[in-house]
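The values are calculated or read from the model by the stated rules, or taken from the named source; none is laboratory data. What you see is a predicted model, and the numbers here were worked out from it, not measured in a lab. Positions of Cβ are generated from backbone atoms using ideal geometry, with glycine treated the same way; all protein chains shown enter the neighbour counts. Heads up: the accessible areas ignore ligands, DNA and RNA and are worked out on the full protein's heavy atoms, side chains in. Shrake-Rupley method; radii C 1.70, N 1.55, O 1.52, S 1.80 Å.
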Amino acid sequence: MSFRKVQKLSETLRIIFASSEVEGFSKSGGLADVARALPLHLKSLGHDVRIVTPFYRLIPEKHKTNTVIPSMGVPMGNEEIWCAVRHKDLEGTVAGKTVSVPVYFIEHEHHFFRHGYYDDGLHAYPDNASRFGFFSKAVLQICRALDWIPDIFHSNDWHTALVPFYLKQAQLENVDFLKSSSVLTIHNAGYQGVAPGIFRHSLGIPVENFVLEMFEDHGEINLLKGGINFADQVNTVSPGYAEEMNTPLGSHGLYDTYLRKGENFSGILNGCDYDEWNPEADPHLPANFSSGDLKGKKLCKQELQRHFGFPESTSVPLIGMVSRLTTQKGFEYLMPAMPEILGKDAQVVVLGSGELWIANAFDELQQKFTKKLGWYNGYNNDLAHLIEAGSDMFLMPSLYEPCGLNQMYSLRYGTLPIVRKVGGLRDTVMQYDESTGRGSGFIFDDPTSEAVSNTVGWAVKTFNDRPQHFQQMVEIAMEQRFTWKTAAEKYVSLYRKNI
Ligand code: ADP
Ligand code: GLC
């Protein structure tokens, strides 16, 4: 191996990590969890990583931040947009040690001081492309302002998909960042940031880039598509989903785009934050437990049953769900199956927020099945922990699932996942084998009401009739690990491939 190669393998990397949400500051789903855990683990591997995220309206209510750049001009199209940059360290524990990563917040009142991150509760903000295009440009501008040139610009999803494009533009103009590379991680390829072609001007996308092989998508601008085309590396959050995205059916309409990426498109399974999701020390629970001593899990189940006014019984299986209420999560075929599922000898608790039709359907069901369906419409982290801990099974019938974190939490809490065989779900859950009693969950293939209902029935029957098998599966599940250390090391290899 050449000296340079050996040197590159040991170099400390400078990584700027751009995300529209970061757990602890803003969160609507798993992207936020990743944007916290991955940078912390990269830092603990010795790299110089910094996060950039928007300064949303609620952040100053909970966090004291310092202004580090009072006024920063960001050139967008023909104008310059002025913002400020604030800073606070993100603190976390990795392998028992405190780790901190600087977070830079882009402060721009008009763009980010709104009630929602991406929508007003019903409709996406019509200027999302401008808001996040500006944010992506600001990511490069911060590096200039701090005189800190990263080796890697790591962006995430459509919101920051323009970072690789702006980087290439800067490099083509021979301005700066000539040695930097870009990695774009896709957490959800179903959301692509599609905007009317007219946005091209404010985003500074020249007409020659508004073509099929770059940004153009049925006459509109597709930010994710453009980002994929301009990024040096693209990855998604599980090998299973990467495989599906490379098929016409699983590509969310971007089959040719992924195909063109070839070797530069891969899957890295997310890790699970076992400091935050640890049944042995979880402060959100009435009692803690481990695979060797499950007494505490029974107490959590009791508490959960009490919370929803259910009869308190250890012998009735309890099925939990924590989910964004959206088509992606399989509600279109789950809802018609719910009366049959609730007809089984089981209790069901659901925590979720999102689309109105799904919330309304749960409202209606709850009126009919008061002692069997517990339903909480909203976002509640304490309850999410209690559901993971107190349920016997966890239902995730996703239509598609890039990775899925909830099934990983469930496994760690000995709550057996009932999942569809897609994306990260099939990479993390092991099918129950009736002949050996081994496995860590119950898996089905077809996205149909019949398949989900039958599989819930199978899980309930196993719980009732084969308690030794069920117990063995709980132990297997609780021992499975998907560490962020492993994932972070894979990201470092991906980065090094490009420097
Ligand atoms: P996705 O990002 O597609 O929503 P994931 O399984 O990757 O799915 O991550 C979901 C994350 O959001 C988990 O941390 C989960 O606990 C959390 N979550 C989702 N909905 C709620 C809710 N209503 N209340 C509390 N936490 C929630
Ligand atoms: C997305 C995906 C989810 C994944 C998360 C974090 O929200 O829907 O499957 O776990 O991002 O990568």
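Quick check on my filter: what residues within the range 395-424 are away from ligand 2 (no atom under 12 Å from the Cβ) and assigned to a loop (DSSP other than H, G, I, E, B)?
Within the range 395-424, PRO397, TYR413, GLY414, THR415, LYS421 qualify.
Given the conditions (1) touching a Pro at 6+ places or on another chain (Cβ under 6 Å); (2) buried (at least 22 other Cβ atoms within 10 Å of the Cβ), and given that SER19 satisfies all but one, which numbered condition is not satisfied?
Of everything listed in (1) touching a Pro at 6+ places or on another chain (Cβ under 6 Å); (2) buried (at least 22 other Cβ atoms within 10 Å of the Cβ), SER19 misses just condition (1).
Can VAL419 be described as under 21 Å from LEU373 (Cβ atoms), among the β-branched types (Val, Ile, Thr), surrounded by 24 or more Cβ atoms within 10 Å (Cβ to Cβ) and without any contact (Cβ under 8 Å) to a residue 60 or more places away in the chain? Don't jump to the end; show me each part of the working.
On the way: under 21 Å from LEU373 (Cβ atoms): yes; among the β-branched types (Val, Ile, Thr): yes; surrounded by 24 or more Cβ atoms within 10 Å (Cβ to Cβ): yes; without any contact (Cβ under 8 Å) to a residue 60 or more places away in the chain: yes.
Criteria met by VAL419.
Can you name every residue in the range 229-253 that is aliphatic (A, V, I, L, M) and either buried (at least 21 other Cβ atoms within 10 Å of the Cβ) or in a helix (DSSP H, G or I) (or both)? Talk me through it step by step, then tell me what you get.
Initially, the range 229-253 is screened for residues aliphatic (A, V, I, L, M), giving 231, 234, 237, 242, 245, 249.
Passing the criteria: ALA231, VAL234, VAL237, ALA242, MET245.
Which of the residues that make up the range 379-401 are within 8 Å of ligand 1 (Cβ to nearest atom) and either at pLDDT below 95 or open to solvent by 40 Å² or more (accessible area, probe 1.4 Å) (or both)?
Matches in the range 379-401: TYR379, ASN380, ASN381.
Quick one: TYR413 ticks every box in (1) open to solvent by less than 10 Å² (accessible area, probe 1.4 Å); (2) in contact (Cβ under 8 Å) with a residue 60 or more places away in the chain; (3) within 19 Å of the chain's Cα centre (by Cα) bar one, so which box is it?
TYR413 satisfies every listed condition except (3).
Based on this model, can you work out whether LYS461 counts as of a type outside the set (A, V, I, L, M, F, W, C), under 30 Å from ILE16 (Cβ atoms) and open to solvent by 80 Å² or more (accessible area, probe 1.4 Å)?
On the way: of a type outside the set (A, V, I, L, M, F, W, C): yes; under 30 Å from ILE16 (Cβ atoms): no; open to solvent by 80 Å² or more (accessible area, probe 1.4 Å): yes.
For LYS461, the condition - of a type outside the set (A, V, I, L, M, F, W, C), under 30 Å from ILE16 (Cβ atoms) and open to solvent by 80 Å² or more (accessible area, probe 1.4 Å) - is not met.
Could you tell me how many of the residues in the range 209-228 are surrounded by fewer than 22 Cβ atoms within 10 Å (Cβ to Cβ) and in a helix (DSSP H, G or I)?
Qualifying residue count, the range 209-228: 1.
Looking only at residues that are open to solvent by 40 Å² or more (accessible area, probe 1.4 Å) and not in a loop (DSSP other than H, G, I, E, B) in the range 184-208, which one is nearest to ligand 1 (Cβ to nearest atom)?
The extreme case among them is VAL194.
Checking the structure you have, find out if any residue of the range 475-491 is without any contact (Cβ under 8 Å) to a residue 40 or more places away in the chain, of a type in the set (S, T, N, Q) and surrounded by fewer than 16 Cβ atoms within 10 Å (Cβ to Cβ). Break it down stepwise before answering.
Let us first name the residues in the range 475-491 that are without any contact (Cβ under 8 Å) to a residue 40 or more places away in the chain, namely none.
Taking every residue of the range 475-491 in turn, none turns out to be without any contact (Cβ under 8 Å) to a residue 40 or more places away in the chain, of a type in the set (S, T, N, Q) and surrounded by fewer than 16 Cβ atoms within 10 Å (Cβ to Cβ).
Might you let me know whether the range 410-431 holds any residue that is closer than 13 Å to ARG324 by Cα and within 11 Å of ligand 1 (Cβ to nearest atom)? Talk me through it step by step, then tell me what you get.
To start, the set of residues in the range 410-431 that are closer than 13 Å to ARG324 by Cα comprises none.
Within the range 410-431, not a single residue is closer than 13 Å to ARG324 by Cα and within 11 Å of ligand 1 (Cβ to nearest atom).
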